[in-house]
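The values are calculated or read from the model by the stated rules, or taken from the named source; none is laboratory data. Values in this document were obtained by computation on a predicted structure and should not be read as measured data. Glycine also receives a Cβ, built like all others from the backbone with ideal geometry; neighbour counts cover every protein chain displayed. All accessible areas refer to the heavy atoms of the entire protein, side chains included, with ligands and DNA or RNA removed. Shrake-Rupley method; radii C 1.70, N 1.55, O 1.52, S 1.80 Å.
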Amino acid sequence: TLLEAALAIVQEEFAKTYGHIEGARFCVLALGRLGASEMHFASDLDLVFVYDAPDTASASSGEKRFTSSVYYNRFAQRMLSGLSLLSRQGMLYAVDTRLRPSGEQGP
């Protein structure tokens, strides 16, 4: 629920400046404890961001135009910033986007 709400907020704010990429899609994959629905107090969010944009998409439609790779790279960075927001109570979530097949021991 939190990821869906954060995604909607970031999409709305991001589109005000950068617009949209026609026919493109963005997905957040939850791995680890979040993906297994086994979150506890000290869990971090293990996330993978994936996008799909048509080959014909040349640039976003906003006042600042980006190619799809730059657009979604910056969009993912904005998602990470929102999810790991630091407040007076501390960090909202620790987010890990380093997908490693063997955990900490992996490359």
Residue by residue through the stretch 54-62, what is 3J(HN,Hα) from phi via Karplus (6.51 cos²θ - 1.76 cosθ + 1.60, θ = phi - 60°)? Round to whole Hz and write x for glycine and proline. x, 4, 7, 6, 8, 6, 5, 9, x
Table column - 3J(HN,Hα) (Hz), the stretch 23-33, Karplus curve with 6.51, -1.76, 1.60, x for Gly and Pro: x, 8, 9, 10, 9, 10, 9, 9, 10, x, 5
Given a 1.4 Å probe, the accessible area of the chain per residue, as a whole number of Å², is 70 Å²
Compute a Gaussian network model of the chain, connecting alpha carbons closer than 10 Å, and tell me which residue from ARG25, ARG88, ARG65 fluctuates the most. ARG88
With a 10 Å cut-off between alpha carbons and a GNM built on the chain, which of ALA36, ALA59, ALA76 moves the most? ALA36
Cβ crowding within 10 Å averaged over residues, with 42-49, 92-99 ranked highest first: 42-49, 92-99
Label points 7 Å out from Cα along the Cβ direction at GLU13 and SER37: separation in nm? 3.0 nm
A 1.4 Å probe over the protein heavy atoms gives the stretch 24-107 a carbon and sulfur accessible-area percentage of 51 percent
So what is the relative contact order of the chain, in percent, for Cα pairs below 8 Å that sit 6 or more residues apart? 29 percent
Give the long-range amide H neighbours of HIS20: residues separated by 5 or more places, or on another chain, with amide H under 5 Å away, using H modelled in the peptide plane at 1.01 Å from N. SER61, GLY62
